[in-house]
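First comes the structure, then the notes that go with it.
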Amino acid sequence: MDQVLSSQANFLAFLFVILCLGLIFFFMYFGRHWLKISLRDIQAFRRFQREVDLSVEGGKRLHVSLGRGSVNDMPGGASFSGLTILDRCARAASNSDQPPMATCGDGVITILSQDTLQSTYRSLATEQRYDPTTVRLTGLTPMAYAAGAIPTIHDENVTTNIYAGHFGTEIALLTEAGERSRSLTVAGTDDISAQAVLYATSDEPLLGEELYAAGAYLGTGPSHVASLNMQDIVRWLLVAVIILGAILKLLGILP
Amino acid sequence: MKRILPIANAIIAVASGLLVLLGYFFPGIFGGIQSILIGWAIVIAAFALLFGIFNLAMVHWKKINTEGQNNIYSIVLLISLIITIVVGIFSGPTGTWSLWLFNTFQVPVEVSLLAVLAVVLAYAGVRLLGRRPKWYTILFLATVLLVLLGSVPLFLIGEIAPLSALRSWLSQVPAVAGARGLLLGVALGTVATGIRILIGTDRPYGG
């Protein structure tokens with residue numbers, strides 16, 4: 001019986017992924033011609049773009065912190081969003097004397113960050129600007145990671161810190177370092193307790209799924225806008241299913 | 001070659017991702033290949049860790065060369081790294097000397113940082129009123145205060161039953177409801193990110 005239920009759950013999950021995939025393809029190839037899609041204003045992204053421009057003009061540096069998320073696990077999603085932001089920062093700062101710096105708390109994310117920077121510079125035909133030491137593995141435990149990233153904030157002429165990835169409550173130490181060095185902090189994470197901390201400590205916190213919308217807001221490509229539309233539709237579907245389930249339970253129809 | 005390599009990277013990454021995903025939905029058919037691929041991923045991740053440590057050493061070696069003796073922290077880091085590696089090789093990861101190093105240096109430093117974190121959070125709570133003086137900031141801080149007061153016995157008064165009950169309700173009903181809403185968004189965002197990588201529109205692997 002358990003095996004049958006497990007098979008049914010697996011099949012439902014498979015259908016769910018197919019539904020998400022179908023919606024993304026629909027919005028990527030058809031939706032953009034038929035539907036007028038507008039993104040709601042998220043102040044953090046608006047301010048982020050302005051600060052990136054100011055940093056480049058002022059000859060200052062951007063610092064992107066990608067957290068401790070491993071790609072083998074659920075937090076990998078947040079780290080991939082961080083890589084998208086790192087790519088946009090490198091593009092925006094391509095004319096600057098100071099390339100962006102990245103700090104990571106995981107070996108795989110460190111390599112992917114280096115690869116992202118190298119690919120970005122290659123696509124801009126400025127590969128000679130790539131320096132592998134601008135990406136740093138600062139520590140493998142939460143506190144070691146925070147302690148290792150703090151000197152980057154203080155010593156590397158940073159004006160804007162972007163924290164995008166998987167963090168725990170140790171992120172308060174990083175935002176505090178940003179506050180002390182009078183640099184702007186834009187931060188988003190997948191961890192709920194860290195989001196509460198960010199609300200209290202960050203200049204511009206990205207709450208809930210806002211971190212995953214980074215690609216759409218920073219103009220990465222149509223697939224990012226399409227996936228944002230997919231998330232909106234599926235969210236409403238899930239809300240409807242949850243409310244329906246609660247009503248059926250209240251009426252005693254569901255066990 | 002410059003064009004073939006990114007395409008080959010993308011094909012390998014997408015095919016591996018699809019096989020691992022299908023392994024979760026249809027373990028009977030794809031379970032075997034999924035286990036093999038995950039095993040490879042773990043080995044590669046371990047190698048990536050070594051590469052990351054080498055990167056860390058390179059960064060600090062470069063700092064010493066450019067900033068000289070002034071960069072005392074980089075010198076301390078490199079010496080500590082070498083000592084830890086030597087001790088780890090000869091004593092083993094759970095050997096007496098390795099554990100001594102860990103318990104004597106790593107644990108106290110991390111615990112002291114945790115203590116600093118508590119102070120930083122308390123200070124940030126106070127500063128929040130200046131940063132965002134809105135009604136929901138006051139609600140946030142009042143809730144934090146209520147949960148704190150309801151969680152610990154108060155000096156000379158002890159535990160206040162209504163406060164404990166309120167804390168319990170706050171953490172079990174509104175907090176859980178809010179957290180589930182946020183988690184729903186995070187899960188959907190993760191699914192969307194995964195799908196973009198699987199269809200090859202996002203290529204964080206040099207594709």
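What follows is calculated from the coordinates using simple rules that are stated; it is not laboratory data. It should be emphasised that the depicted structure is a prediction, and the values quoted were computed from it without experimental measurement. Every residue, glycine among them, receives a Cβ derived from its backbone with ideal geometry; neighbour counts consider all protein chains shown.
Counting Cβ atoms of other protein chains within 10 Å of each residue's Cβ and taking the mean over peptide A:228-238 gives 3. For chain B, complete DSSP H runs whose alpha carbons reach 27 Å or more along their own long axis and whose mean Kyte-Doolittle score is 1.6 or higher are B:4-25, B:72-91, B:107-131.
Taking a ≥ b ≥ c as the square roots of the Cα gyration tensor eigenvalues, chain B comes out oblate, since a/c reaches at least 1.5 and a/b does not exceed b/c. Close amide H pairs (under 5 Å, H built 1.01 Å from N) link A:Leu124 with no residue at least 5 positions away or on another chain.
Averaging Cα coordinates gives a centre for segment A:170-230 and one for segment A:77-151; these two points are 16 Å apart.
Phi angles of segment A:8-24 translate, via the Karplus equation with coefficients 6.51, -1.76, 1.60 and θ = phi - 60°, into HN-Hα couplings of 4, 5, 4, 5, 4, 4, 4, 4, 4, 5, 4, 4, 4, 4, x, 5, 5 Hz per residue; Gly and Pro are given as x.
Listed by chain and number, the aspartates and glutamates placed with their C-alpha closer than 20 angstrom to that of A:Lys36 are A:Asp232; residues fewer than eight positions away on the same chain are left out.
Considering only A:Ala194, A:Ala13, A:Ala226, the mean-square fluctuation computed in a Gaussian network model of chain A, springs between alpha carbons under 10 angstrom, is largest for A:Ala13.
Which order do the peptides A:241-251, B:127-137 take when ranked by the mean count of other beta-carbon atoms within 10 Å per residue, highest first? Display every interim value, and only then the final one.
Values: A:241-251: 10.6, B:127-137: 12.3.
Descending mean neighbour count gives B:127-137, A:241-251.
Look at the stretch A:17-25: the mean tally of other chain Cβ atoms within 10 Å of its residues' Cβ atoms is 3. Report, to the nearest 10°, how far helix A:107-123 tilts away from the longest principal axis of the Cα atoms in chain A, using its own Cα long axis and a range of 0 to 90°. So the inclination is approximately 70 degrees. Across q = 0.12, 0.16 Å⁻¹, segment A:163-255 modelled as identical point scatterers on its alpha-carbon atoms has Debye log10 I(q)/I(0) values of -0.55, -0.77, in the order of the q list. With a Förster radius of 30 Å applied to the C-beta separation of B:Ala10 and A:Gln43, the computed FRET efficiency comes to 0.25. Along segment B:97-102 the Karplus relation, 6.51 cos²θ - 1.76 cosθ + 1.60 evaluated at θ = phi - 60°, assigns HN-Hα couplings of 5, 5, 5, 4, 4, 5 Hz to successive residues, with x for each Gly and Pro.
In this structure, B:Ile85 and A:Glu127 have a Cβ-Cβ separation that, at R0 = 25 Å, corresponds to a calculated FRET efficiency of about 0.15. Within the same chain, aspartates and glutamates fewer than 8 places from B:Lys63 are excluded, and of the rest, those with a Cα less than 18 Å from its Cα are A:Asp131, A:Asp155, A:Glu156.
Compute the normalised compactness of the protein assembly as shown: alpha-carbon radius of gyration over 2.2 N^0.38 Å, N being the residue count.
Working: Rg = 23.7 Å, N = 462, 2.2 N^0.38 = 22.6 Å.
The reported ratio for this selection is 1.05.
Considered as an equivalent ellipsoid built on the Cα gyration tensor, chain A has semi-axes of 35, 22, 18 Å, the largest given first.
Along segment A:128-143 the Karplus relation, 6.51 cos²θ - 1.76 cosθ + 1.60 evaluated at θ = phi - 60°, assigns HN-Hα couplings of 5, 6, 6, 10, x, 7, 7, 10, 10, 8, 9, x, 9, 9, x, 6 Hz to successive residues, with x for each Gly and Pro. The mean of 1/r over all distinct Cα pairs in segment B:1-91, once inverted, gives the Kirkwood hydrodynamic radius of 16.8 Å.
The average projected area of segment A:97-220, computed from the convex hull of its Cα atoms over all directions, is 7.6 nm². Between A:Thr103 and A:Val64, A:Ser65, A:Leu66, A:Arg136, the built amide H atoms are under 5 Å apart, and every one of these is 5 or more places off in sequence or on another chain.
Could you work out the mean count of beta carbons from other protein chains within 10 Å of each residue's beta carbon in B:42-52?
Numbers: counts 1, 0, 4, 7, 2, 3, 10, 7, 1, 6, 14.
Whole-number average of other-chain Cβ neighbours for B:42-52 is 5.
When a/c is below 1.5 the answer is rounded, else prolate if a/b is larger than b/c, else oblate, so apply that to segment B:142-207 with a ≥ b ≥ c taken from the square roots of the Cα gyration tensor eigenvalues. Prolate, since a/c reaches 1.5 and a/b exceeds b/c. If you run the Gaussian network model on chain A, springs between alpha carbon atoms under 10 Å, then out of A:Phe11, A:Phe45, A:Phe80 the most flexible one is A:Phe11.
Under the simplified labelling scheme, the B:Val43-B:Val111 pair shows an inter-label distance of 4.0 nm, with each label point 7 Å from Cα along Cα→Cβ. Under 5 Å from the amide H of A:Gly165 lie the amide H atoms of A:Gly188, A:Asp190, each residue being 5 or more positions distant or on a separate chain, with H modelled from the backbone and absent for Pro and chain starts.
Go ahead and estimate [θ] at 222 nm for the protein assembly as shown from helices alone: -39,500 (n - 2.57) per DSSP H run with n ≥ 4, summed, over the residue count, rounded to 500.
Values: 17 runs with 309 residues, N = 462.
The helix-only estimate for the protein assembly as shown comes to -22500 deg cm²/dmol at 222 nm.
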